[in-house]
Amino acid sequence: MAENTKWVVSGAPHIHGSESITKIMWGVVIALIPTFLVSVYFFGLRALALTLVTVASCLLFEFLINRFLFKRPCCLGDGSAMITGLLLAFNLPSNLPFWMAIVGSLIAIGVAKWAYGGLGTNPFNPALVGRVFLLISFPVAMTTWPVPKPLFGGNAVADAITGPTPLALAKEGLKAGQTPDQILGGLPGYGDMLLGNMGGSLGEISAIAILLGGIYMLCRRIITWHIPVAFLGTAFIFGGILWLAAPDQFMDPVFHLLSGGMMLGAVFMATDMVTSPMTKTGKLIFGAGCGLLTILIRNFGAYPEGVSFAILIMNAFVPLINRGTTPKRFANAK
Amino acid sequence: MKTFNIGGVHPNDSKLNADAPMQELPIPKQVCVMVSQHLGAPSQPIVKKGDKVKVGTVLTSNEAFLSAVVHSPVSGTVNKIADIPDASLYPKPAIFIDVEGDEWEESIDRSPEIKREISLSGPEIIQKIKEMGIVGMGGACFPTHVKLMPPKDAKAEFLLLNGVECEPYLTCDYRLMLDHAEEILIGASALMKALDVKQAIVGIEANKPKAIAHMTETAKNFPGISVQALKMKYPQGAEKQLIKALTGRAVPSGKLPINVGCVVDNVATCYAVYQAVQKNMPLIQRMVTVTGPSIPEPTNFLARLGTPVSAFLEAVGGIPGDSGKVISGGPMMGKALSSTETCSVKGMSGILVLPEKQAHRQTVYPCIRCGKCVDACPMGLEPYLIAATAMAKDFEKTEKARVMDCIECGCCQFSCPSFRPLLDSVKLGKATVGKIIRARNAKN
């Protein structure tokens with residue numbers, strides 16, 4: 001019957017909500033804009049160039065792996081490779097040699113993402129795997145931070161000048177027997193740290209810009225509050241306990257929140273949908289674990305910074321957390 | 001405002017032209033009455049080719065407890081008994097009747113007066129409802145008399161009337177509540193008498209303020225019946241969700257509403273009960289919403305059962321040129337039809353025509369584990385997990401993930417940003433696990 005071929009027949013539901021993967025990915029890109037503008041402001045066009053290099057190489061590797069290894073039609077449309085590129089750049093010092101950034105992109109896309117089967121199946125955050133790979137392979141280049149040089153106003157500083165991050169200064173200082181107060185005296189004030197006027201990775205310096213992006217993602221329902229609040233809250237409380245117990249050995253909790261990759265990690269890295277738990281309870285546990293591990297590594301570990309490691313370790317626990325935090329079933333829910 | 005507790009989604013309600021008056025659809029030249037229009041054991045036809053029938057003549061018989069008979073919606077001659085695809089797309093037996101005039105069985109009271117006094121006793125009401133072939137008209141087609149005979153260890157405390165109509169586009173229950181509020185409530189009173197309950201609550205969503213006002217006003221004359229406005233949220237019209245919203249009680253997994261003292265009936269069912277009990281009229285016609293974004297004037301039709309979908313579409317000016325999909329029911333749970341020759345049945349609440357550009361599914365992306373399906377599930381399940389285990393044919397895990405609790409509302413698929421066909425996979429899992437459970441029970 002000709003009639004039978006005329007109508008589209010498919011199972012219910014026949015309408016769909018407004019959410020789509022493309023909208024989510026572009027939403028994240030929009031949320032990253034303030035942070036990106038701040039880093040261009042403080043680190044100049046080198047920040048822009050480095051971001052372009054990582055984004056382009058991530059897209060290229062994604063395309064090549066799809067086309068030639070998996071022999072699938074291309075999938076750049078989902079936007080995930082672009083976000084991996086952006087986030088990888090945000091986790092690198094802006095003066096990192098381009099070829100290292102390209103190696104980092106290859107690791108992020110090729111190993112962390114496609115070795116596990118591509119979008120949705122990777123257990124670890126690809127951008128963080130790329131960053132940690134670079135940190136271990138090229139420790140000097142990855143910890144040589146350019147001093148921020150505002151595009152407009154500010155003191156003229158020669159291009160080549162580099163310096164340590166506040167976290168590294170604190171770690172060294174405490175090791176050398178300085179008190180936290182002495183160390184803070186030699187650091188940018190908390191106001192400057194909030195705005196981003198300090199050494200650090202390209203996208204981690206400005207807490208305010210990152211929070212702006214986070215609020216945007218909350219409003220668009222791309223993320224929920226659970227992971228960032230649990231992450232930052234636990235870090236603040238645990239850091240605070242240590243500081244109260246021994247104020248001459250540990251930095252205060254506000255310093256921990258504003259320094260290093262804490263904000264970037266809590267808002268953009270830990271909230272990655274693929275590598276975080278499904279349920280709200282799971283997200284709280286995950287965020288709290290990230291905060292706890294970060295403070296542990298920063299205060300007792302060999303590295304001055306622990307956000308990347310903390311998130312990657314918690315990524316490994318996600319399947320376990322998912323299994324332990326099934327949602328409240330209808331009849332048992334309040 | 002009250003609503004159910006977990007999950008749910010907020011689709012655009014798209015109640016097009018809801019305030020247009022109801023129209024009677026002309027009787028078509030031939031009707032095609034599906035032999036089984038209920039959930040339960042299939043019926044057998046008791047008429048044969050060439051038999052003369054009147055409106056209200058019984059066409060089928062069924063000895064099973066969970067069953068309902070069908071009556072002739074028209075007068076005329078039985079042309080043939082043959083299989084025709086229904087909304088399930090499977091061919092099922094149907095009785096084709098050539099229409100001649102419009103002669104009714106004499107026992108049916110066709111007078112327009114509203115009969116308020118309920119003279120039948122409780123058991124007589126139940127018997128009448130069974131004889132008149134009344135089934136749940138919200139879509140599930142569960143035989144109504146079965147709900148009125150609870151097992152001995154359970155006692156009904158509440159009768160809940162479902163006037164929620166949470167499916168987008170559909171407006172037939174809304175129309176019915178505006179036009180026949182009193183009859184609905186008399187029908188409800190008959191059900192209360194049959195169940196021996198003192199309290200009934202009508203649940204209506206807040207997007208129907210006129211219906212809420214009119215039903216509230218009418219209910220003042222009915223002791224024990226109250227109207228409760230509910231916050232808009234799909235799937236509030238699902239039985240368990242409605243019970244939760246109206247009474248705060250939760251039906252445990254695998255149990256029935258009667259286990260928490262509730263019986264739920266659609267307002268359209270109550271209207272049919274009124275006609276059966278007070279007017280001796282079998283279920284031979286119903287209100288059907290004909291709607292869609294491209295339909296010039298979406299309308300609610302009162303139409304005889306067995307009317308082909310094509311006759312409804314002609315009445316609204318033909319099928320729009322851009323049409324791509326014809327759905328029996330609403331857009332969330334309705335079934336896509338393969339042919340407009342499919343005929344209306346007791347459970348067909350609407351005919352929705354979607355334009356070609358809305359008819360197709362979008363490109364499917366991998367699951368990004370965002371958890372939106374988990375947040376949306378009104379039963380507190382993990383749709384992504386059920387779908388993944390079912391597709392991997394690991395049905396033991398599918399069962400452990402409580403697939404049998406799924407009410408197939410479609411919230412998971414509606415909210416999936418990767419456009420994954422979650423409900424398709426879940427239904428496959430549910431059907432297979434159901435078979436496994438039945439086989440296991442048969443063995444023990």
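Brief remarks follow.
- Residues of segment B:1-35 that turn out to be in a loop (DSSP other than H, G, I, E, B) and of a type in the set (K, R), as a count: 2
- Among the numbered conditions (1) open to solvent by less than 10 Å² (accessible area, probe 1.4 Å); (2) among the β-branched types (V, I, T); (3) outside the structural domain of B:M348 (by TED's automatic domain parsing), the only one that B:V290 does not meet is (3).
- Tally of residues being open to solvent by 20 Å² or more (accessible area, probe 1.4 Å) and of a type in the set (S, T, N, Q) across segment A:56-112: 1
- When B:T398 is tested against the conditions (1) within 12 Å of another protein chain (Cβ to nearest Cβ); (2) assigned to a helix (DSSP H, G or I); (3) of a type in the set (V, I, T), the lone failure is (1).
- Listed by first and then second residue, the pairs linking a residue in segment A:74-85 that is within 10 Å of chain B (Cβ to nearest Cβ) to a residue that is hydroxyl-bearing (S, T, Y) and surrounded by 22 or more Cβ atoms within 10 Å (Cβ to Cβ), with Cβ atoms under 9 Å apart and 6 or more places separating them unless they lie on different chains, are A:D78/B:S418.
- Of the strands (runs of 3 or more DSSP E) entirely within segment B:294-360, those holding at least 3 residues that are facing chain A (nearest Cβ under 10 Å) occupy B:323-328, B:350-355.
- Test: B:L185 is out of contact with any Gly (no Cβ under 7 Å at 6 or more places or on another chain), touching a residue at least 24 places away in the same chain (Cβ under 8 Å), surrounded by fewer than 22 Cβ atoms within 10 Å (Cβ to Cβ) and within 27 Å of B:L25 (Cβ to Cβ): no
- Among the residues listed as B:E103, B:E117, the single one being without any contact (Cβ under 8 Å) to a residue 60 or more places away in the chain, within 24 Å of B:D196 (Cβ to Cβ) and of a type in the set (D, E): B:E117
- Residues that are part of a loop (DSSP other than H, G, I, E, B) and touching a Leu at 6+ places or on another chain (Cβ under 8 Å) were ranked within segment B:403-428; the one that is most open to solvent (accessible area, probe 1.4 Å) is B:E408.
- Exactly one residue out of B:K255, B:K233 is assigned by TED's automatic domain parsing to the domain that holds B:H145 and either of a type outside the set (K, R) or over 19 Å from the mean Cα position of the chain (by Cα) (or both): that is B:K255.
- Within segment B:407-442, if we keep just the residues that are farther than 21 Å from B:E396 by Cβ, of a type outside the set (A, V, I, L, M, F, W, C) and in contact with a Pro (Cβ under 9 Å, 6 or more places away or on another chain), the residue that is nearest to the other protein chains (Cβ to nearest Cβ) turns out to be B:G410.
- Against the numbered list (1) in contact (Cβ under 8 Å) with a residue 60 or more places away in the chain; (2) surrounded by 22 or more Cβ atoms within 10 Å (Cβ to Cβ), B:G76 comes up short only at (1).
- Residue ID - surrounded by the most Cβ atoms within 10 Å (Cβ to Cβ), chosen from residues in segment B:293-331 that are of a type in the set (S, T, N, Q) and within 23 Å of B:D19 (Cβ to Cβ): B:N300
- Selection of segment B:361-386 for residues being hydrophobic (A, V, I, L, M, F, W, C), open to solvent by 10 Å² or more (accessible area, probe 1.4 Å) and either more than 21 Å from B:V9 (Cβ to Cβ) or more than 7 Å from every other protein chain (Cβ to nearest Cβ) (or both) yields B:V364, B:C373, B:C377, B:L385.
- Filtered by the rule that a residue be of a type in the set (A, V, I, L, M), assigned to a loop (DSSP other than H, G, I, E, B) and open to solvent by less than 20 Å² (accessible area, probe 1.4 Å), segment B:133-153 gives B:I134, B:M137, B:L148.
- Filtered residues of segment A:277-316 (kept if away from chain B (no Cβ under 14 Å), part of a helix (DSSP H, G or I) and either without any contact (Cβ under 8 Å) to a residue 12 or more places away in the chain or surrounded by fewer than 17 Cβ atoms within 10 Å (Cβ to Cβ) (or both)): A:L296, A:F300, A:I313, A:A316
- The residues on offer are B:V78, B:V74, and the sole one that is part of a loop (DSSP other than H, G, I, E, B), in contact with an Asp or Glu (Cβ under 9 Å, 6 or more places away or on another chain) and not basic (K, R) is B:V74.
- B:H10 meets all of the listed conditions (1) away from chain A (no Cβ under 14 Å); (2) open to solvent by 60 Å² or more (accessible area, probe 1.4 Å) but one, namely (1).
- Given (1) touching a Leu at 6+ places or on another chain (Cβ under 7 Å); (2) of a type in the set (D, E, K, R); (3) within 12 Å of chain B (Cβ to nearest Cβ), index of the condition A:E62 fails: (3)
- Verdict on B:E117 being within 30 Å of B:A219 (Cβ to Cβ), in contact with a helix residue (DSSP H, G or I) (Cβ under 9 Å, 6 or more places away or on another chain), exposed (fewer than 14 other Cβ atoms within 10 Å of the Cβ) and among the acidic types (D, E): yes
- Condition broken by B:Q358, with the remaining ones in (1) at pLDDT 95 or above; (2) surrounded by fewer than 24 Cβ atoms within 10 Å (Cβ to Cβ) satisfied: (1)
The values are calculated or read from the model by the stated rules, or taken from the named source; none is laboratory data. The shown structure was predicted, so the numbers you read here are calculated from the model rather than taken from an experiment. Reconstructed Cβ throughout: ideal geometry from the backbone, glycine too, with neighbour counts over all protein chains shown. Surface areas here come from the heavy atoms of the whole protein model, side chains and all, with no ligands, DNA or RNA. Shrake-Rupley method; radii C 1.70, N 1.55, O 1.52, S 1.80 Å.
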